[in-house]
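Only the coordinates and a few stated rules stand behind these numbers; no lab work does. The model shown is predicted, which means the values in this text are computed figures rather than measured ones.
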Amino acid sequence: MLPPAEQDPTADAALDADGPRLRIDLLELEKFLTVAKLHSFSAAARQLHLSQPFITAPVQRLEAELGVQLLVRSTRRVAITPQGERLRAEAQAGRRRLSCACMPRPAATSW
C-alpha cells in the first residue's frame with residue numbers, strides 16, 4: 001500500500017463500506033430508459049425534444065461508468081443487452097420508489 005501522500009486522493013472518495021459507489025445522473029438514466037423503450041436514439045431524442053447527441057453521449061457515459069454495454073446499436077434498431085435489461089428494471093423500480101417517496105403522506109388522524 002502506498003503512503004497516504006502518494007495515494008490517489010480520489011480513490012477513497014469512490015469507495016464506501018459496500019464497495020465502489022457509482023456516479024449516475026438521473027437524467028442519464030431517463031435518457032437510457034427512453035432509448036430502451038423506443039429502441040431508437042433518434043425516436044428518444046424526438047420524444048425528449050433534444051438533439052440526438054444529447055441522448056447518445058449520456059448513454060455512452062452511463063455505459064462507461066458501469067463498465068458494460070447496455071445497448072446493441074445497429075443502423076435500424078437498438079436492442080437492449082441482458083445487462084441493459086437488468087438496469088432498466090432496477091431504474092424503473094427506483095423511479096417508482098422515488099415517486100412514492102415524494103408523494104405527500106396523509107395526515108395522521110387522532111381518534
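Note that the range 55-60 has calculated 3J(HN,Hα) couplings of 9, 4, 4, x, 5, 5 Hz, one per residue in order, obtained from phi through the Karplus relation 6.51 cos²θ - 1.76 cosθ + 1.60 (θ = phi - 60°); glycine and proline are x.
Evaluating 6.51 cos²θ - 1.76 cosθ + 1.60 at θ = phi - 60° for every residue in the range 33-44, the Karplus couplings come out as 4, 5, 4, 4, 5, 8, 6, 6, 5, 5, 5, 5 Hz, glycine and proline recorded as x. Relative contact order, whole percent, for the range 19-99 stands at 28, derived from Cα pairs under 8 Å and 6 or more residues apart.
Around the amide H of Leu71, modelled in the peptide plane, lie the amide H atoms of Thr81, all under 5 Å away and 5 or more residues distant in sequence or on another chain.
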